[in-house]
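The values are calculated or read from the model by the stated rules, or taken from the named source; none is laboratory data. The structure presented is a predicted model; accordingly, all values stated were derived computationally and were not measured. Heads up, the Cβs are rebuilt from the backbone with ideal geometry, glycines too, and the neighbour counts pull from every protein chain shown. Note: accessible area is taken over every heavy atom of the protein model, side chains too, but ligands, DNA and RNA are not part of it. Shrake-Rupley method; radii C 1.70, N 1.55, O 1.52, S 1.80 Å.
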Amino acid sequence: MDMEVLGTLGEQSPEEAPVVSREHLKKAVLADIERADAFFQGKIEPVLRTRHQLYEADRKYYEARFPEVSKQSDFVSYDFWSMVQWAIPAVMNSFFGGDDAVVIIGRNAEDVPRAELLKALIDFQIMAQNKGFLLLWDWFSDAFQYNLGAIKVWWKRRMEWGQETMEVVPADRAQQIMDDPWCQVLSMEGPDSFGMCSVQYRVGRMAENRPVLESVRVTDLRWSPEARTLEEANFVAQRKIVTADHLRRQARSGVYDPQAVEAAIEKGRTSNITRMAFETELNDDSEQFRAHDEDPARALFELYECYVKLDIDGDGLLEDALVTVVGDEILRLEENPWGRVPIFTISPIRDPFRVLAPLSFSEIIGEVQSLKVALMRQLVVNTANTNNLKHFVDQTKINLEDLVENRQYLRVNGDPRTAVLPFPQAGIAPWTMNLMEYLEGALEQWTGRTRYNQGTDSKSLNKTATGISLLQQASEQRIDYIVRVFAETGVGELMRFLVELNQRYIDQPQVVRLKNQVLQVSPDDLAGTFDIDVNTEAGVGKKKQTVQNLQFYLSALAPAGMQIGAVTPGEWAKAAQKLLTESGIRDPESYVRDPESVKQEFFQRMIMNLITGGVNESAGGEAGPAGAGGGAGAQASDRLGGTGGVY
């Protein structure tokens, strides 16, 4: 959450001041931090560390697990990394290619066009203002790697003040300037005997007014051990390493208590930040090349931004509070304006009883990967020994100096065949490769990531297009399930939260550019009631099926339907735009005109044809009687296919 914004949300009046003492709240929060840290270091950190080691195929991890064979080979297998890199593009394509996996819909009729405009605004905020592609890539990558990805949202409002202006105005005008939130009054004198006031002020403008999305490292999250989700946890915190400069800037902007900041900085000078072993492994360069302490403003401090449920007013009910802590100093204590934790998490494998599920793709793939590493290292050692055989040498029959120096001619006494004897070497067990193939098959079955040459008998299924299609569908079903889980949980909640933030903070018209279109969004455009819906057609497999169905409709059904009047050009244009959208084209209107305009033009042409036909009938009726070479009778006979009404 933006610390700058929190300072602008208003402070409690004296009559609203907490009844519970600040010292009591401080003890409760510090106890929560200590408990959450102990839980993280004892339970969560070892799991995250192992999952990271499996993802990177850390050689030190396998050296500790297979110490003997590791002395001769350091081969590793990247099965887990390969699976993650295969899954992320498919998931990203579901959210960025064609139809959106999460859509905004209006509840009422007047909210429908507003929902489309709001969705365009949020897409612009995510993609253009927050580098959404890279942000979501990191989010999804952490979700697959650690089975927990987190992203945080806060709103940034920054004012820029213009040049100073000096005016002599009446007293009522001076009062208007003082009450104007866009004016910063520097000084005011008067009123004088004529009722005039001298006012010196600056006019401000909103330089930034947008949401900010930031990736949260899983190693920086803390939560209550009993929590099943972050939303229902009594304590959630984000751990940060910040500088003294950052603390003082937030104090000057009114976000932090200046006295508490200076006290925390003074105490922090004599204490060191405790870095976890896993945190050090993620970037060991920072520990190897320590920063100098010449500039005190660069001094680092451990900050906890806590979202807690506390009884801060003594009424016996828990309130959502926001508390910022450095050391044992509380820099900020206020009611959480969101009423929720603004951190959104996703997990491909969910556990209804824990925030971090004990079972993930890391555990599923890790065992197979470890077995493959052990087998491959043994195979490498065996192959090396086979290609470079050891020999028994009779020192009395061969010149050892010639042998050691690898000379072309070796001096021997007697028959060379009796001087050297090859060391017997065991070959590779015949079932070794079958075991390797079994492990590959198990890996594909557990993860859904298939090969075209799957199984021990590659000639039975995968030589046919139907067999390959079945393998692809089975794999895509797993990805589609993960996409649906992401859309229903973190991504959907994120979109709902962004809708709320935009409705709360957009107080001036904004101009955005999206899909080569310039859109102007005003606060009135965001008014209304909106729902977040998950597009059930989003997903890799369903997209392909939808494309195939649309191609069949446009090539076979639509032409026949247009001949009998069952399909209009507007419906054809709508299907064509849908096909382009599902194919990944984000601006189908550049290729096919708007279906509504095509439909209107079609009906207009029909009406004009009817009018033109009626005029021709009137002209024909004046030329002669009906049925005598003109008029309606002749036209009717022509439609019947003959003259004089003869069939």
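Computed values, structure above
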{"item": "Count - residues of segment 254-264 that are touching an Asp or Glu at 6+ places or on another chain (Cβ under 6 Å) and open to solvent by 20 Å² or more (accessible area, probe 1.4 Å)", "result": "1"}
{"item": "Members of segment 265-274 that are modelled with pLDDT of 70 or more and open to solvent by 80 Å² or more (accessible area, probe 1.4 Å)", "result": "Glu266, Lys267"}
{"item": "Of all residues making up segment 107-158, the number that are acidic (Asp, Glu), under 14 Å from the mean Cα position of the chain (by Cα) and either open to solvent by less than 20 Å² (accessible area, probe 1.4 Å) or within 18 Å of Arg210 (Cα to Cα) (or both)", "result": "1"}
{"item": "Qualifying residue in segment 341-349 (condition: more than 30 Å from Arg417 (Cα to Cα), open to solvent by 20 Å² or more (accessible area, probe 1.4 Å) and not in a helix (DSSP H, G or I))", "result": "yes"}
{"item": "Selection within segment 64-106 - open to solvent by less than 50 Å² (accessible area, probe 1.4 Å) and among the polar types (S, T, N, Q)", "result": "Ser70, Ser73, Ser77, Ser82, Ser94"}
{"item": "Which listed residue is of a type in the set (Asp, Glu) and touching a residue at least 40 places away in the same chain (Cβ under 8 Å), from Glu208, Glu189", "result": "Glu208"}
{"item": "Leading residue by the ranking (farthest from Val567 (Cα to Cα)) among those in segment 585-637 that are among the hydroxyl-bearing types (Ser, Thr, Tyr) and at pLDDT below 75", "result": "Ser618"}
{"item": "Within segment 76-103, tally of residues that are assigned to a loop (DSSP other than H, G, I, E, B) and modelled with pLDDT under 80", "result": "5"}
{"item": "Matching residues, segment 308-340, being more than 29 Å from the chain's Cα centre (by Cα) and surrounded by 18 or more Cβ atoms within 10 Å (Cβ to Cβ)", "result": "Leu310, Ile312, Val326, Gly327, Glu329, Ile330, Leu331, Arg332, Leu333, Glu334"}
{"item": "For Leu410: the one exception among (1) modelled with pLDDT under 65; (2) assigned to a loop (DSSP other than H, G, I, E, B)", "result": "(1)"}
{"item": "Residue within segment 429-444 that is among the acidic types (Asp, Glu) and farther than 30 Å from Tyr481 by Cβ present", "result": "no"}
{"item": "Residue in segment 369-388 that is outside any helix (DSSP H, G or I) and modelled with pLDDT of 90 or more present", "result": "no"}
{"item": "All strands (runs of 3 or more DSSP E) inside segment 191-247 with 2 or more residues being farther than 25 Å from Val308 by Cβ and open to solvent by less than 50 Å² (accessible area, probe 1.4 Å)", "result": "196-216"}
{"item": "Among (1) touching a residue at least 40 places away in the same chain (Cβ under 8 Å); (2) within 30 Å of Asp587 (Cα to Cα) - the single one Pro89 does not satisfy", "result": "(1)"}
{"item": "Pair list, Cβ under 8 Å, 6 or more apart: segment 552-563 residue surrounded by 11 or more Cβ atoms within 10 Å (Cβ to Cβ), other residue of a type in the set (A, V, I, L, M) and assigned to a helix (DSSP H, G or I)", "result": "Tyr553/Ala575; Leu554/Ala575; Leu554/Ala576; Leu554/Leu579; Ala558/Ala575"}
{"item": "Selection from segment 571-591 of residues that are in contact (Cβ under 8 Å) with a residue 40 or more places away in the chain and of a type in the set (D, E, K, R)", "result": "Glu582, Arg586, Asp587"}
{"item": "Options Ser141, Ser187, Ser198: the member that is of a type outside the set (Val, Ile, Thr) and out of contact with any strand residue (DSSP E or B) (no Cβ under 6 Å at 6 or more places or on another chain)", "result": "Ser141"}
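Conditions (1) touching an Asp or Glu at 6+ places or on another chain (Cβ under 6 Å); (2) aromatic (Phe, Trp, Tyr), marked per residue:
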residue	(1), (2)
Tyr78	no, yes
Ala87	no, no
Phe96	no, yes
Val103	yes, no
Gly106	no, no
Leu118	no, no
Gln125	no, no
Phe133	no, yes
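Residues are listed down the side, and each one gets a yes or a no for (1) assigned to a helix (DSSP H, G or I); (2) touching a Leu at 6+ places or on another chain (Cβ under 7 Å):
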| residue | (1), (2) |
| --- | --- |
| Val112 | yes, no |
| Ile126 | yes, yes |
| Trp139 | yes, no |
| Arg158 | no, no |
| Glu164 | no, yes |
